[in-house]
Every structure is written in C-alpha cells, then in structure tokens.
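The structure appears below as structure tokens.
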Amino acid sequence: MVDSSFGELLYANTPMAIILLFTLIPLVIGSMASQNSISTISDFFICSRSLGTTISFFTVYSTWWSSFAFLGSISYFYSVGSVYWTAIGWNVLFGVLYMWFGLRISEYGKEKGYVTPVQFFSDIYESPLLNKLVTATMIVFTIPYIQIQIFGGAIIIEIATKGIVPWQLCALMFYLVMIIYLWAGGLRAVAWADVFYGVLLFFGMLAGGFLLIREAGGAEIVFSRLIAERPELILLPEDSRTAGISMWITMFLLVPVGALMGPPMWLRMFAAKERKTFYIMPLLISCATIAYLGSMFAGSAAVFLPVDGVKSTDTILPLLLVQYAPGWLMSIIMCGGAAACLSTANADIHAVSSLITLDIYKQYVRPKSTEKHIVFIAKISILVYSAAAYLSLILAESMNSIILTGFTAFSGMAQLVVPVTGALVWKRSNSSGAIAGLLTGVTFTLIFSFWKPVELPLAPGLIGLILNGSIFILCGSFLSHKSNTENKIALYKIGSFEDFTAD
C-alpha cells in the first residue's frame, strides 16, 4: 500500500520535477559561463568576438525559432492551414541572408569595433537623427516580441501543471531565471544556454507532432480526412488575405528579413569568431527546418482530436499533450516549447540592454564611463527592462495571437534592411534617404497594422518596405552627401566578394 501510494505520488509530481529541472539547468550553465566572463563591454555584449561555429549556430537557431515557430506554427496549421509551409522557404532564405549580410557586418564590426547595430549606422551615415530612429525602431518592435515569448512559455507551464502554477507566476519565474544568468555571464551565458534550449525545442517539436499524429490514427488517415473533410486546410485559397498566395509571399519575405534585422542577430554577427560560421549557416538552418514536420503533424492531427478548454488556438498543443501524452513525455515536450520562448526572450532582453546602455546611456548620459561601470549599467537595464516588460504583460487585458503579434514585430524590424543594404552595396546611399525611407516604412506599418482605415492589397509591412525602398532610392539618386562619400566608398571596397572568400 505504501509502495502504491509512493508510486502515484511520484507519477503525479513527475511533470513538476521535470519543469523544475528545466528552470535550474540554465542557472547552472550561467554559473559556468560566469567563470569565463570578464567585465568588459566586448565580453558582456559580444563574447569578445569568440563564438565558434557550433555555439554560433545554436544561439542563432534558438533565437530565430521562438514561440512564433513552436506554438504559432501549430496554431496556424490547425486553424488556417498550409500557408505556414512557407516556413521552409523563409528558413532557407534566412540562412542565405545571414551568410550574405553577416559576413559583411561581421567584417565591419571587427574593422570598426562595432558592438551594437546603431554604431554601424552612425559610422556610415553620420546622422544622430538616424541613430535615434534606428534605436527607437529596434526597441519599439522588440517589446511585443519579448512579451509573446514570455506569455507563450508561461501558458505552456500553466497548462502542464493543470493550473497549479498560474501563468503570471510562471512568467515571473522565467524572468528571474533569465535575469540571473544574464547578469552572471552576458552573451556567453545566453549562447551556452541556447545549446540546451535548441536541442530541447528541436526534438520537442518533432516528438509532439509524431505523438499526436499517431493518436489521430496515423499520417495516412489524417491527411485523407483533411482532403475529404477540410480541403481548405491543405490548399491556398486565392481570395484569402490570411491564408492565400499573397500571405505566403509576404511571410516568406518579411519574417526572415525582420528576424535578421533584430538587435540579437546583429550581436551574434559581431560575436562570430570564424568566417566559416557564415558559410555553413544556410545549410545548418535549412536542415533544422525538418522540425516543422512535427508542427504540421501536430496541427493537422489537432483538427480531429477531441480537446477540452480551447480558448485560443495558440494553446492547442499544450492542451492536447495534457490529454494524450504520458506525464513525463508531456513535460519534456512542454519544456521544449518553453525553451523556444525563453531562448528568444533572453536574446532580445540582452540585445535591448546593449541599445539602452551603449546607444542611450553612454552616448547621452555619461560618455566617459568606464567599461566596468557600463557593464554594471547593462545589468541594471536588464533588471529594469525585464520588470517593465513583466508588469506590462500582466496588466494587459489580453494578448493577441502569437503569429499576428510576431508578424507585426518582424514587419517593423524589416524596414531596417533598406538602409543596411544601401550601406553595403550602393555608393549613393545617404542619411536623408535612410531617414525619410525608414520613417515612412515604420509609420505606415504601425498605422495600418493597428488602425486599418482601408483594406490593403498586401500586408502593411510589405507595402511599407516598398515605400521605404522607393524613397531611399529616390533620395540617393537626386541627393548627395559629400561627408559620407569617402567613408562609403572605403566600406564598399571592404565588402567586395574577393575580400570575403580570401583566407
């Protein structure tokens, strides 16, 4: 009788034990990372430009794949259909863009001593106004993206514990864990933790998909039923703005470009130690895309599996796992989902702290601060920013769809690709065009994403990007800034193909 009671108690508490272990491992990793950290700006923000290829891949992959990829993809396959298969294309595109832009940005970073993306713009365009606009764009569009990560991870754990641990407490726990290991080791702690998170989220996505497709009768039965009963979930409807061809193309373009222009990716480009990291990244990211097979299986199976308590399609996966998976396996897969959320949130919080510390505090408050003082301020900014993000999250009346919120964040961040591309390839690029184009693109994206006064033929972010690029090219064609010319030509030559292929 005692043995039986003990077994039942052990079975009931297994999920809690696994979740507790999941929260403790990053703290151990952060503690280990702190032993190799030094209190310098370069080490705290870009790991002294020492990230090897393996660590670089894992931290890029874990940052790139978020709640958008884990929860959002399954939600979209379940409720909208096959349009999310464009994720295969945008992962390949992201890898190629990371190689092309990353090679050049990394070289410029080493040559010029860049630590933050704003320093890139400042050096090339020499415009304080553009610097402020870039800083504001990055911070504004990063805030909602962080919130959906923490919310997504917290909801997963709340459902896994069957409401014993409310999502508000889960979110607080996640913030505290991230603050501790970010405080201890900066980017080094984030990158090392991302190896753990990356492995967990990859296998979590696949395991969840194969488990649920089996519970629904197997892939052959599920897709035969979809063809017969729900054909709209396997076809791209011509007249749909959320599931049709235009959405397919829009997501294919804006999601990878927006992610690439986010501040965490800039820090990872600056932190890379080896050129081969950039050459191999397209292959590694493309191979990792196989995990979306799990999302497609899970989302498709969810159409036919009875499930209780669905208030939002974003919660469909954890609710199904609670109902159909053994407790221990459910907990591991849930931790994979939480890993996808936290690996992105920690990167964004760390990256925003670099903007606040170096591009605002050091630039305008205390320009002569010592490196030790700057690192201390960075840690304080992590604490304050995390507290503000947490409070705004729990005070919000509701959270929008993970996909829609994330897509808006990507759309805004993608506007930065215009002045970046111009700086790398076009000698006539100038600050006037960069400011006018970026301001137009960001403003249009914000207004039409939230207000929607008229129906648009394409997504606001894509139209904003077209307007942004057009204005940039017009200003470059008819205006010239002699103060930029010499520096721009020098950078243009550094960025030649021969420079990057020669060892």
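The values are calculated or read from the model by the stated rules, or taken from the named source; none is laboratory data. Values in this document were obtained by computation on a predicted structure and should not be read as measured data. Every residue, glycine as well, gets a Cβ built from its backbone with ideal geometry; the counts of neighbours run over all protein chains shown.
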### Task
May I ask you to list the residues in region 116-147 that are buried (at least 24 other Cβ atoms within 10 Å of the Cβ) and not in a helix (DSSP H, G or I)?
T116
### Task
Determine, yes or no, whether V134 is under 17 Å from the mean Cα position of the chain (by Cα) and within 28 Å of S411 (Cα to Cα).
no
### Task
Please work out which residue is nearest to the chain's Cα centre (by Cα), limiting yourself to region 366-375 and to residues that are within 13 Å of S39 (Cβ to Cβ) and without any contact (Cβ under 8 Å) to a residue 24 or more places away in the chain.
H373
### Query
Out of all the residues in region 287-313, which are touching a Phe, Trp or Tyr at 6+ places or on another chain (Cβ under 9 Å) and either of a type in the set (D, E, K, R) or within 30 Å of K110 (Cα to Cα) (or both)?
A288
### Query
Which residue, of S369, S353, is outside any helix (DSSP H, G or I) and of a type in the set (S, T, N, Q)?
S369
### Message
Out of everything in region 178-202 that is among the aromatic types (F, W, Y) and closer than 16 Å to P264 by Cβ, what residue ends up being modelled with the lowest pLDDT?
### Response
Y181
#### Entry: Where L212 falls short, out of the listed (1) surrounded by 17 or more Cβ atoms within 10 Å (Cβ to Cβ); (2) touching a Gly at 6+ places or on another chain (Cβ under 7 Å)
(2)
### Query
Tally time: how many residues in region 148-171 are assigned to a helix (DSSP H, G or I) and crowded, with 17+ Cβ neighbours inside 10 Å?
16
## Note on the structure
For Y84, the lone unmet condition from (1) crowded, with 24+ Cβ neighbours inside 10 Å; (2) closer than 25 Å to F174 by Cβ; (3) under 20 Å from the mean Cα position of the chain (by Cα) is (2)
### Message
With the requirement that a residue be at pLDDT 80 or above and part of a loop (DSSP other than H, G, I, E, B), what does region 454-503 give you?
### Response
L456, P457, L458, A459
## Note on the structure
Going through (1) farther than 23 Å from T313 by Cβ; (2) assigned to a helix (DSSP H, G or I) one by one, G299 fails only at (1)
### Task
Specify which of the listed residues (A388, A378) is crowded, with 21+ Cβ neighbours inside 10 Å and not polar (S, T, N, Q).
A378
### Query
From the set of residues in region 103-115 that are touching a Phe, Trp or Tyr at 6+ places or on another chain (Cβ under 8 Å) and assigned to a loop (DSSP other than H, G, I, E, B), which is nearest to S432 (Cα to Cα)?
Y114
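Residues checked against (1) among the polar types (S, T, N, Q); (2) modelled with pLDDT of 95 or more; (3) crowded, with 23+ Cβ neighbours inside 10 Å; (4) within 19 Å of P117 (Cβ to Cβ):
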| residue | (1), (2), (3), (4) |
| --- | --- |
| S401 | yes, no, no, no |
| F410 | no, no, yes, yes |
| I435 | no, yes, no, yes |
| T440 | yes, yes, no, no |
### Summary
Of the residues in region 220-237, those that are within 16 Å of Y324 (Cβ to Cβ) and in contact (Cβ under 8 Å) with a residue 12 or more places away in the chain number 1
### Task
Would you tally the residues in region 30-68 being of a type in the set (A, V, I, L, M) and surrounded by fewer than 24 Cβ atoms within 10 Å (Cβ to Cβ)?
5
### Task
Name every residue in region 73-84 that is in contact with a Phe, Trp or Tyr (Cβ under 8 Å, 6 or more places away or on another chain) and not aliphatic (A, V, I, L, M), in order of residue number.
S73, Y76, F77, Y84
### Message
Criterion first (over 30 Å from T313 (Cβ atoms), part of a helix (DSSP H, G or I), touching a residue at least 60 places away in the same chain (Cβ under 8 Å) and not aromatic (F, W, Y)) does L293 satisfy it?
### Response
no
### Query
Of everything in region 18-46 that's at pLDDT 85 or above, assigned to a helix (DSSP H, G or I) and in contact with a Ser or Thr (Cβ under 9 Å, 6 or more places away or on another chain), which residue is nearest to F196 (Cα to Cα)?
F22
### Query
Pairs under 6 Å by beta carbon, first residue within 8 Å of T53 (Cα to Cα) in region 268-280, partner aliphatic (A, V, I, L, M), six or more apart or different chains?
A272/L51; K273/L51
### Query
So which of L305, L267 is closer than 22 Å to W90 by Cβ and in contact with a Leu (Cβ under 7 Å, 6 or more places away or on another chain)?
L267
